[in-house]
Amino acid sequence: LTEQIAQLTNDAPAIVRLGIPAYNWLNDDEHGVKQAHATSFPNGCALGAMWSFETIHKVGQAVGQEARALHNAFVHMGNRGHQENGAGITMYAPNMNLVRDPRWGRAQEVYSEDPFLSSLYTAKFVSGAQQGNESKPERMQAAACCKHYAAYDTESIPVKRVNFSATVDSRNMWETYMPVFRSCVQSGQAAHVMCSYNAINGVPTCGDPKLLNGILRDQWKWPGFVVSDYDAWAQIYETHNYCPNMTCAAAVGLNAGMDQEGGGTRAINQLQAAIDSHMTSPEAVAMAFKRLFRVRLQLGMHDPP
């Protein structure tokens, strides 16, 4: 159980007794691998302005291929990406949120303000990045991420993103915000989803069982894993005050469908206490561990040499 909990972070340690190497899941490869020797493509809004689904698919293929090639080279040199952004093959890309407010400081990262265009672009980028020129869903050249889930398009105006609660009715949620995520996980078959800093109607996205287990897994039958934006799991308690303490936040996130803490380990460090308090279970930890290692196996990380 201790070994499983330790894996539920993006800078995952080695499990020496099993011969499992350390791995850093953090790679911000939105429009190119975050390394000096990689191709930097135009940013999201410029790619969106092309209106070319064939081109965005080829961009995804190239980013995934370069991520794989650089990762292979780093591993050959003994670099497993510890505390290094851009050395792995699990990409925190694409950013497929919608531009809803021109004051958002990250509008240049995303494809458009249009749910239809962004949905098609997202699926093409994801399938290109993950499958390259192949069509073998049991194997991936890289693992793409649908971020940020959901109703997220603010940085610090009018409210800091880590405190913000988006008020969204059902029609706006399903017509505006959800189509791009559905396209990402169903058409693109993305390996992971990143829950966002904000809350929706008072519930932090990283602790919302309807949003995570309910929609992603029960409704859309998606088999992937959920990672929090940097420290967003811990912020269920720290900024949203949705829980009275971190032990509660750890349990709420895991029970809602969280699998991996992006950033630090403040939440997962309290999982043992949450289990001891009967707030969650070892089986929930084992399920998160299973989802993470399923992706590692699809990426060929544990294939024979």
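Can you classify the stretch 156-305 as rounded, prolate or oblate using the Cα gyration tensor, where a ≥ b ≥ c are the square roots of its eigenvalues, rounded means a/c under 1.5, and otherwise it's prolate if a/b beats b/c and oblate if not? Judged from the Cα gyration tensor, the stretch 156-305 comes out oblate (a/c at least 1.5, b/c at or above a/b). Given the -39500 (n - 2.57) contribution per DSSP H run of 4+ residues, what per-residue ellipticity at 222 nm results for the chain, rounded to the nearest 500 deg cm²/dmol? Result for the chain: -9000 deg cm²/dmol, rounded to the nearest 500. Surface composition of the stretch 215-305: carbon and sulfur atoms hold 53% of the protein heavy-atom accessible area at a 1.4 Å probe.
In the set [x] 21.3; [y] 19.2; [z] 22.1, the label that goes with Kirkwood radius over Cα pairs in Å computed for this structure is [y]. When the chain is treated as a GNM, springs tying every alpha-carbon pair under 10 Å, which of SER119, SER156, SER165 comes out with the largest mean-square fluctuation? Largest GNM mean-square fluctuation: SER156. Note on the chain: with charges restricted to the Cβ of Lys and Arg (+1) and Asp and Glu (-1), its dipole about the Cα centre is near 420 debye. Taken about its Cα centre, the stretch 247-297 carries a charge dipole of roughly 240 debye when the Cβ of each Lys and Arg holds +1 and the Cβ of each Asp and Glu holds -1. The apolar share of the surface of the stretch 24-65, taken as the fraction of accessible area on carbon and sulfur atoms (1.4 Å probe, ligands and nucleic acids excluded), comes to 56 percent.
Computed with a 1.4 Å probe over protein heavy atoms only, the accessible surface of the stretch 27-105 comes to 49 Å² per residue.
Comparing ALA142, THR167, SER156 along the charge dipole axis of the stretch 138-182, the residue lying farthest to the positive side is ALA142, per the Cβ-charge model. Would you please name the trypsin sites (Lys or Arg not before Pro) within the stretch 204-274 that are DSSP coil residues with at most 12 other C-beta atoms within 10 Å of their C-beta? Loop-located and lightly packed - LYS221. Among TRP25, TRP222, TRP174, the residue with the largest mean-square fluctuation in a Gaussian network model of the chain, with springs joining Cα atoms closer than 10 Å, is TRP174. Remark: accessible surface ordering of LEU297, LEU212 (largest first) is LEU297, LEU212, probe radius 1.4 Å. Across the chain, the mean sequence separation of Cα contacts (distance under 8 Å, 6 or more residues apart), normalised by length, yields a relative contact order of 18 percent.
Taking amide H as placed 1.01 Å from N in the peptide plane, ALA150 has its amide H under 5 Å from the amide H of SER196, each at least 5 places away in sequence or on another chain.
The values are calculated or read from the model by the stated rules, or taken from the named source; none is laboratory data. Just so we're clear, the structure is a prediction, and the values are computed from it rather than from any experiment. Don't worry about glycine lacking a Cβ; one is built from the backbone with ideal geometry, like all the others, and counts go over all protein chains shown. For the accessible areas, the whole protein counts, side chains as well, though only heavy atoms, and no ligand, DNA or RNA atoms are used. Shrake-Rupley method; radii C 1.70, N 1.55, O 1.52, S 1.80 Å.
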